[in-house]
Structures are given as structure tokens and as C-alpha cells.
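Single-structure report; data block below.
The values are calculated or read from the model by the stated rules, or taken from the named source; none is laboratory data. Quantities reported herein were computed from a predicted structural model and do not represent experimental measurements. Note: ideal-geometry Cβ built from the backbone for every residue, glycine included; neighbour counts use all protein chains shown.
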């Protein structure tokens, strides 16, 4: 399972078609060399198909998933934040709404990062305002 296959370098992408066709993963560089036989299926996700080499992309069956609706995002974010220890459903929904309305995006990673840093709605407001002013939260 490869998450964000589009972020792999071209050199790493070139190795995958052989694995998919023959079951062999082969790599040779100055510092390393290996030839591994695997019984494997390759499943991959990507955000940008334009960044996947055509010979690799051509070997996949492609599915395009629709973006979450706002209501789905709120529900999924609240459920995920409970797993992160946020028992206060009102705070979890506030975080989800702040990402939707304040940051104008639907990103579960943002929800998790904000939940880990913020314990109150005021903390959420301050963090979202900082993100709007200065960029990504790390």
C-alpha cells in the first residue's frame, strides 16, 4: 500500500512496474543493490495523477473519489478526534467547523493537529487565525 505515490521520485516510480509485472523489486545504486522476489499486489493513492509517470499510471485501475461534503467532514472529524481523546463533542465539532469556515478546507490532519494543541474554543480560534496569517501548523 503506497500512500501518495505521486510524491515518490521518478527513480522510485520506475522500480514499481517491474514489481507489478514480475513480482521482483530490483534496485542498484553505488551504495546498495538488491533483488527481492515478492508475492505482492500494489495499491496506491495519489493527490495528483499528473505527477505519476505514465508507464506506472497505466498499470493501475483508477478510481476517483468525491470530496467529503461539509456534513461528512464534520462527522468524520468528530469521530476521529474522539480517537485522539477529545471527548467534548462540541469542541470537536468546533474544530471541524473552524477548519471548514476559517481555513476553507477539509483536512483531517489539520483537525488532529489543532485538537492536539488546543483545549478550548479560544485556543482553536487563536490557532486558526495564526494559520490564516502565517501558514501551516506543524
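Checking segment 92-104 against the condition returns a match, with at least one residue being without any contact (Cβ under 8 Å) to a residue 12 or more places away in the chain and assigned to a helix (DSSP H, G or I).
Sort out which residues of segment 121-138 are surrounded by fewer than 17 Cβ atoms within 10 Å (Cβ to Cβ) and at pLDDT below 95, and write them in order of number.
First, pick out the residues of segment 121-138 that are surrounded by fewer than 17 Cβ atoms within 10 Å (Cβ to Cβ): 121-123, 125-126, 129-130, 132-138.
Result: 129, 130, 132, 133, 134, 135, 136, 137, 138.
Scanning segment 30-45 for residues being within 23 Å of residue 4 (Cβ to Cβ) and at pLDDT below 85 gives a total of 1. All conditions in (1) part of a helix (DSSP H, G or I); (2) over 29 Å from residue 41 (Cβ atoms) hold for residue 80, with the sole exception of (2). Residues that are out of contact with any strand residue (DSSP E or B) (no Cβ under 6 Å at 6 or more places or on another chain), more than 24 Å from residue 122 (Cα to Cα) and assigned to a strand (DSSP E or B) do occur in segment 32-41, at least one of them. Which of the residues spanning segment 50-67 are surrounded by 15 or more Cβ atoms within 10 Å (Cβ to Cβ), outside any helix (DSSP H, G or I) and within 18 Å of the chain's Cα centre (by Cα)? Matches in segment 50-67: 52 only. Among the residues of segment 1-27, those that are under 14 Å from residue 41 (Cα atoms) and free of Cβ contacts under 8 Å to residues at least 12 places away in the same chain comprise 18, 22.
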